Amino acid sequence: MLQHFHVNTPLLESVSMSKMAGTAVYLKMENCQPSGSFKIRGVGHLCQQLASRSKGVVCSSGGNAGMAAAYVARKMGLPATVVVPSSTPPLVVRRLQEQGAAVKVAGKVWDDANAEALRLAETEQLTFVPPFDHPLLWEGHASVVAEAAAALGPGARPGAVLLSVGGGGLLCGVVRGLKDAGWADVPVIAMETVGADCFNAAIKAGELVTLDDITSEAKCLGAKTVCRRAFELSQSGEATIISELVTDQEALRAVQMFLDEERVLVEMACGAALAAIYSGLIPRLQAQGRLPTPLRPLLVIVCGGSSINMEQLISLQQKLQS
Ligand code: PLV
């Protein structure tokens, strides 16, 4: 019997967000996962398939994939090493250590940490756990859509799914889940912050691009290059993907509004998706004819994230709102 590490998260209707969007908004509360984000779905699935006879796992992460890897490894009785970039706040390093992981800081952004994790996997013969670029991760993430479909009930069909894009693993998983649910034509609104916008940049360029640097505070969206599969999905017509950007200020305002209205604290990476509602993007897309009017209910993947606490929130406010 394969063990599940993730939980079936609540699907909650938000009255205040529904008002802003002009249609019902359903929140898939992935912040409730044991490791604090949706990442545990894919990472749990990948580790079950690849790590059962392993000496240990090594994961490169902006934080949340590492939290998932540390949690899953602990449950499987395996040692975990998580390599993070120096942009990772001390609170995440502490939370990773609490999960029992050995933490190594390497380089400035995730791409540098990833190079070190790959090296360790090779030299120490550890199972490499990538944070977003692997079919097993996408297969695991797809369960988020299956659960939402079951909770919404037969005949229900969202008007769009809203999510954040870092390296594109969640996007690939959700697109797969939509196909499995018979919802392949439901558009996905893929949100990034300016300065962590590798997916949007690839779409604009018509090819994969590597950003010079990550200048956004949404460090968990900070992959310099989106995974090839995510880019292919945007080009192939297999899925309808609307790629949009918000500023860090908009993402932070969304984090604050979500805290005030829903009483839940999420990190900037998640704020990017919430900002689509709070900054009025939905009616704008309808006005542009990119979403229909009237619009069926929206499904928002509240991806969660451990890179936030009161102190971090205040520090982001001082940095971005002064
Ligand atoms: N974070 C990855 C990649 O970081 C990580 O290592 O944890 N929301 C949250 C809270 C996240 O942590 C991430 C990814 C995303 C959204 C985006 O997911 P992705 O990478 O699958 O598009 C560099």
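The values are calculated or read from the model by the stated rules, or taken from the named source; none is laboratory data. All values reported here derive from a predicted model rather than from experimental measurement. Methodologically, a virtual Cβ is constructed for each residue, glycine included, from the backbone with ideal geometry; neighbour enumeration extends over all protein chains shown. Areas reflect the complete protein model, heavy atoms only, side chains present, ligands, DNA and RNA absent. Shrake-Rupley method; radii C 1.70, N 1.55, O 1.52, S 1.80 Å.
Some observations on this one:
- Rounded to 10°, Cα long-axis angle of helix 169-180 versus longest principal axis of the chain: 60 degrees
- Cross-link pairs beyond the 29 Å C-alpha cut-off, checked among 28/224; 28/179; 104/179; 55/179; 39/108; 19/224: 104/179; 55/179; 19/224
- Tilt relative to the chain, helix 39-50 - C-alpha long axis, 0 to 90 degrees, to 10: 40 degrees
- Between 0 and 90°, nearest 10: helix 310-321 axis offset from the chain longest Cα axis: 60 degrees
- Spin-label model distance (nm) - residue 322 vs residue 157, 7 Å beyond Cα toward Cβ: 5.2 nm
- Residue 322 - accessible surface, heavy atoms, 1.4 Å probe, Å² rounded to 10: 130 Å²
- The listed residues 134, 4, once ranked by accessible area (1.4 Å probe) with the largest placed first, stand as 4, 134.
- Of the solvent-accessible surface of the stretch 39-133, computed with a 1.4 Å probe and all protein chains present, 49% belongs to carbon and sulfur.
- Heavy-atom accessible area ranking, 1.4 Å probe, most first, across 247, 81, 193: 247, 81, 193
- Sequence ranges 299-307, 164-172, ranked by mean other-Cβ count within 10 angstrom, highest first: 164-172, 299-307
- If you take all other residues with their beta carbon under 9 Å from the beta carbon of residue 30, and give Lys and Arg +1 and Asp and Glu -1, the sum is +3.
- Along its three principal directions, the equivalent ellipsoid of the stretch 39-133 from the Cα gyration tensor extends over semi-axes of 18, 14, 11 Å, largest first.
- Positive dipole terminus of the stretch 1-73, leading residue within 21, 44, 31 (C-beta point charges): 44
- Beta bridges from DSSP with both residues in the chain: antiparallel share about 15 percent, rounded to the nearest 5.
- Between residue 208 and residue 4, the simple spin-label model (points 7 angstrom out along Cα→Cβ) gives 3.3 nm.
- Unit charges at the beta carbon, dipole of the stretch 179-295: most positive-side option, 216, 199, 292: 292
- Probe 1.4 Å - accessible area at residue 296, Å² to nearest ten: 120 Å²
- At q = 0.19, 0.20, 0.21 Å⁻¹, base-10 log of I(q)/I(0) for the stretch 77-195 (Debye sum, equal scatterers on each alpha carbon): -1.05, -1.09, -1.14
- GluC sites (Glu not before Pro) lying in DSSP loop within the stretch 204-284, provided at most 14 other Cβ fall within 10 Å: 207, 238
- FRET efficiency, 1/(1 + (r/R0)^6) with R0 56 Å, evaluated for residue 261 and residue 124 via beta carbons: 0.75
- Residue among 184, 146, 156 with the largest mean-square fluctuation in a Gaussian network model of the chain, springs linking Cα atoms under 10 Å: 156
- Point-charge dipole on Cβ atoms (K/R +1, D/E -1) for the chain, about Cα centre, debye to 20: 500 debye
- Linear extension gain, residue 91 paired with residue 315, 0.36 nm per residue minus alpha-carbon span: 79.4 nm
- Accessible area per residue for the stretch 39-133 is 39 Å², calculated with a 1.4 Å probe on protein heavy atoms, without ligands, DNA or RNA.
- Rg over Rh, two decimals, the chain (C-alpha only, Kirkwood Rh): 0.94
- Additional length obtainable on full extension of the chain from residue 287 to residue 105, 0.36 nm per residue less Cα span: 61.0 nm
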